[in-house]
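*Asks:* Okay, here's the structure, questions in a sec.
Computed from the coordinates by the stated procedures, all read-outs in this text should not be read as laboratory data. Everything numeric here is computed off the predicted structure, so don't read it as measured data. When we count neighbours, we look across all protein chains shown, and the Cβ atoms used for this are built from the backbone with ideal geometry, even at glycine.
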Amino acid sequence: MSQVSKLKKQLRANLRTTIKITFHTQYALNLIEGTDAKKHPHKFFIIGLLGFASKIKTVKREADNKNPYARYYYQQAEIILDKAKVFFEKTHQECEATFKDAENVGITLSIAETENPVEREFSFKVDLCYQAVILLAKYDICIRKLQAAKQTGFMSNNATNNKIEKMSKLMRQLFHSLEPYKNHSVTIEDIKEGNEKAKLAYEAMGVIPGLDLDKLIYATPPPPL
């Protein structure tokens, strides 16, 4: 390892960013902790931000070690995150247009707030988690704007509910994107050889879509989960 690479690795290990966010909606707060699958094994459960952040540490470490399964699932998380960013930005712009419509008839809408907002502090080891929590903050803000528009009649109940459900679904997809990953520390060489490690990984996770064994890269973009 070169001296520059060692310095970069040392910086990553020693420097950590803390981010503070104030949340106003229960929608967002519920997606931080998620639900406990052990307490309700027969019911639908939600993997929250914290569960996602815990799992992605293993996935990122294995991806850096060239585990092809880890690389695939990490890439899936990135794909869903980017998809959510696009939809959230579109929803934000629609909310802004609605607020502008209200101004055009002499009404100033204020973003909906709760009397008891909750401030949370986050620090992550994987950069992607910061993007995820910022997305969660935008989710919180968009819901507050949608509620303001709905309560004042500038947006219909159906339109509001559909947008909230779509955003919620994207957040859940992101946090659940790593759920199928099982860590077998398999390498591309293991897969080429078809050894016991590769067999265990295959039994747990199946075939990696789009994997080009000759180039050791994804020949085509993996399909969304």
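*Asks:* Which residues' amide hydrogens lie under 5 Å from the amide hydrogen of Phe23, considering only partners 5 or more residues apart or on another chain, with H built in the peptide plane?
*Replies:* Val118, Glu119, Arg120
*Asks:* Report ³J(HN,Hα) in whole Hz for each residue of the range 144-155, in order, from the Karplus equation J = 6.51 cos²θ - 1.76 cosθ + 1.60 where θ = phi - 60°; Gly and Pro get x.
*Replies:* So the J values, rounded to whole Hz, are 5, 5, 5, 5, 5, 5, 5, 5, 9, x, 7, 9.
*Asks:* Could you compute the FRET efficiency for Ser110 and Phe87, with r as their C-beta to C-beta distance and R0 at 25 Å, rounded to 0.05? Let's see the in-between values first.
*Replies:* On the way: r = 24 Å, r/R0 = 0.97.
My answer for the efficiency is 0.55.
*Asks:* At a Förster radius of 35 Å, what calculated FRET efficiency corresponds to the Cβ-Cβ distance of Thr152 and Lys57, to the nearest 0.05? Walk me through the numbers on the way to the answer.
*Replies:* Values: r = 43 Å, r/R0 = 1.24.
Rounded to the nearest 0.05, the efficiency is 0.20.
*Asks:* Restricting the calculation to Cα positions, tell me the Rg (one decimal) and the Dmax (whole number) of the range 17-218 in Å.
*Replies:* 20.4, 71
*Asks:* A further question follows. Once R0 is set to 25 Å, what does the formula 1/(1 + (r/R0)^6) return for the Cβ-Cβ distance between Ile134 and Asn161, expressed as a FRET efficiency to the nearest 0.05?
*Replies:* Details: r = 24 Å, r/R0 = 0.97.
Efficiency at R0 = 25 Å is approximately 0.55.
*Asks:* If you don't mind, there's one more thing I want to ask. Taking 0.36 nm per residue of separation and subtracting the Cα-Cα distance, what length does fully extending Glu33 through Glu119 add? Don't skip to the answer; put the middle values down first.
*Replies:* Numbers: separation 86, 0.36 × 86 = 30.96 nm, distance 1.39 nm.
Result: 29.6 nm gained on full extension.
*Asks:* Would you check the range 24-138 for Lys pairs whose C-alpha atoms are within less than 12 Å, ignoring same-chain pairs closer than 8 in sequence, and give me the count? Numbers along the way, then the final one.
*Replies:* Details: Lys55/Lys125; Lys57/Lys125; Lys60/Lys125; Lys85/Lys138; Lys90/Lys138.
Within the range 24-138, the lysine pair count is 5.
*Asks:* Quick one: work out Rg over Rh on the C-alpha atoms of the range 122-173, Rh as Kirkwood radius. Please report the intermediate quantities before stating the final value.
*Replies:* Values: Rg = 13.4 Å, Rh = 12.1 Å.
Using Cα coordinates only, the ratio equals 1.11.
*Asks:* Are there GluC sites (Glu not before Pro) in the range 82-139 that DSSP puts in a loop and that have at most 16 other Cβ atoms within 10 Å, and which ones? Before the final figure, lay out each step's value.
*Replies:* On the way: sites: Glu89, Glu94, Glu96, Glu103, Glu113, Glu115, Glu119, Glu121; in loops: Glu113, Glu115.
Passing both the DSSP loop test and the Cβ count: Glu113, Glu115.
*Asks:* Now for a different question. Could you line up Thr160, Thr152 from fewest to most neighbouring Cβ atoms inside 10 Å?
*Replies:* On the way: Thr160 19, Thr152 14.
Ranking Thr160, Thr152 by Cβ neighbours within 10 Å, fewest first, gives Thr152, Thr160.
*Asks:* Let me ask something else. Given the Cα-Cα distance of Thr18 and Ser185 and 0.36 nm per residue of separation, how much length would full extension add, in nm? List each step's numbers first, then the result.
*Replies:* On the way: separation 167, 0.36 × 167 = 60.12 nm, distance 3.02 nm.
Stretched out fully, the Thr18 to Ser185 stretch lengthens by 57.1 nm.
*Asks:* Would you kindly derive the ³J(HN,Hα) couplings of the range 84-100 from the backbone phi angles with the Karplus curve 6.51 cos²θ - 1.76 cosθ + 1.60 (θ = phi - 60°), listing them in order in whole Hz, with x for Gly and Pro?
*Replies:* Once θ is set to phi - 60°, the couplings for the range 84-100 become 5, 4, 5, 5, 5, 5, 4, 5, 4, 5, 5, 5, 4, 5, 5, 5, 5 Hz.
*Asks:* While we're looking at this one, here's another question. Explain nothing, just compute: Karplus ³J(HN,Hα) = 6.51 cos²θ - 1.76 cosθ + 1.60, θ = phi - 60°, for every residue of the range 114-119 in order, whole Hz, x for Gly and Pro.
*Replies:* Per-residue couplings from phi come out as 9, 6, 10, x, 10, 8 Hz.
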